[in-house]
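Have a look at the structure below before the remarks.
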Amino acid sequence: MQGKGQLHIVMNAVPIDAAIKDTAFPDSLKQKLLLVKEIKSFAITELGLKNSTNYTTIYNQNGKPLLLVLTASDAYQLKPYQWHFPVLGAVPYKGFFDFEKGRKEAKELKAKGYDVDLGEVSAWSTLGWFKDPILSGMLERSEGYLANVIIHEMTHATLYIKDNVEFNENLANFIGSKGAELFLISKYGNDSKELINYRHKNFDDSLVSDYLVQNCKRLENLYATFRPETSTSEKDTLKHEMIRSILSGIKELPVNDTAIYHRFSRRKTPPNNAWFLQFKRYNARQSIFEEEFHNTYHDDFKKYLEHLKKVYGE
């Protein structure tokens, strides 16, 4: 199912150079395509990421989402539901190009008592199985976002450890974030609006993510107090009160843009364990990577990646 969906996108993507020459393609987006080339070149030469044919084509989404990702968790533990795939191993998420199938599986897992979260993603990596294209929706975002997401996905194609999604996603998040900042400095300069805007947003995202990761411990401590005789209604009441309290605390964080709180408070579905686990999956190891990268490898991405490849046998 996933191979068929990905193959459709690959077969209908066009080379970046053809899109740049296409008079019907908006000039503003052509500039972003040229930027993609620069980002990719920077990631290869300056960060040491793997060169490939990824991001040499573009797929027009026509303003429509392409992929839904389903995650699930035990209702009273921060314990992810795992799917198993060849090559990837155990993975705590599953993608759906067929949205109805995604909704159906989410409904089935929810009926079994799991917390579920089903949401759209804007980019993904096929780890070299297909030629990953730029998606047109990516070009509508800022320069910093574009650099971050491309470097993030290129990291997956460079180093991916089977059965260790938390390591893979945390590493890609770390290199994507740091690498994008370095690219913006190289491209626009230390005082550029592109860099300042990126740093402000990155600061806010990191602050909120760190806060939510830390508060996962509060949920875990609460669940540890539940006993076999504790009723489901009591568990749910205590759980939802705790989650509301955690979300309310975001308002107290010293963010640059207070709109970030509304992004969480206006979700169509209330946050649950599956939602909280995503923050651990992408952010729980950032301080570990930061310390090792800075103190041991002195901010040298190439040396750090070589170290990681040797340690993990890549």
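The numbers here are math on the coordinates, done by the rules we state, and not lab data. Since we're looking at a predicted model, the values are computed, not measured. Every residue, glycine as well, gets a Cβ built from its backbone with ideal geometry; the counts of neighbours run over all protein chains shown.
Roughly what angle does helix 232-249 make with the longest principal axis of the chain, taking Cα atoms, 0 to 90 degrees, to the nearest 10?
For 232-249 against the chain, the angle is about 40 degrees.
Return Thr269, Thr57 ranked ascending by Cβ neighbour count within 10 Å, so the fewest neighbours appear first.
Taking fewest neighbouring Cβ atoms as first place, the list is Thr269, Thr57.
So what's the angle, to the nearest 10 degrees on a 0 to 90 scale, between helix 99-111 and the longest Cα principal axis of the chain?
20
Please tell me the relative contact order of the chain in percent, rounded to the nearest whole number, where contacts are Cα pairs under 8 Å and at least six residues apart.
21
What ranking do 220-226, 130-136 get when scored by the average of other Cβ atoms within 10 Å per residue, highest first?
130-136, 220-226
Can you work out the Karplus-derived ³J(HN,Hα) for every residue in the range 7-13? Use 6.51 cos²θ - 1.76 cosθ + 1.60 with θ = phi - 60°, whole Hz, and x for glycine or proline.
After applying 6.51 cos²θ - 1.76 cosθ + 1.60, I find 4, 4, 5, 4, 5, 9, 7 Hz.
Out of residues 5 or more away from Thr57 or on other chains, whose amide H comes under 5 Å of its own, with H placed 1.01 Å from N in the peptide plane?
Ile16, Ile134
Looking at the chain, I'd like the Rg to Rh ratio, where Rg is from alpha-carbon atoms and Rh is Kirkwood's inverse mean 1/r.
Dividing the radius of gyration by the Kirkwood radius yields 0.97.
To the nearest Å, what is the center-to-center distance of the range 126-191 and the range 233-281, using C-alpha atoms only?
Measuring centre to centre over Cα atoms gives 26 Å.
So what's the back-of-envelope 222 nm ellipticity for the chain, counting only DSSP H runs of four-plus at -39500 (n - 2.57) apiece and dividing by all residues, rounded to 500?
When only DSSP H runs of four or more count, the value is -18000 deg cm²/dmol.
List the trypsin sites (Lys or Arg not before Pro) within the range 229-314 that fall in a DSSP loop (any state other than H, G, I, E or B) and whose Cβ has at most 16 other Cβ atoms within 10 Å.
Loop-located and lightly packed - Arg266, Arg267, Lys268.
Send over the semi-axes of the range 183-237's equivalent ellipsoid, whole angstrom and largest first, taken as the square roots of 5 times the C-alpha gyration tensor eigenvalues.
45, 9, 6
As an exercise, identify the trypsin sites (Lys or Arg not before Pro) in the range 137-182 lying in DSSP coil whose Cβ has no more than 14 other Cβ atoms within 10 Å.
The qualifying sites are Arg141, Lys162.
Taking the Cα centre of the chain as the origin and placing charges on Cβ (Lys, Arg +1; Asp, Glu -1), which of Leu78, Gln61, Ala111 is farthest toward the positive end of the dipole?
Of Leu78, Gln61, Ala111, it is Ala111.
For the range 255-266, just list the computed ³J(HN,Hα) in residue order, Karplus coefficients 6.51, -1.76 and 1.60, θ = phi - 60°, integers in Hz, with x standing in for Gly and Pro.
Per residue, the Karplus-derived 3J(HN,Hα) values read 7, 6, 10, 5, 5, 4, 5, 5, 4, 8, 6, 9 Hz.
What translational D, rounded to a whole number of µm²/s, comes out for the range 53-165 from Stokes-Einstein when the hydrodynamic radius is the Kirkwood one over Cα pairs, at 37 °C and 0.692 mPa s?
211
If you place +1 on the Cβ of every Lys and Arg and -1 on the Cβ of every Asp and Glu, how big does the dipole about the Cα centre of the range 2-311 come out, in debye to the nearest 20?
Roughly 660 debye for the range 2-311.
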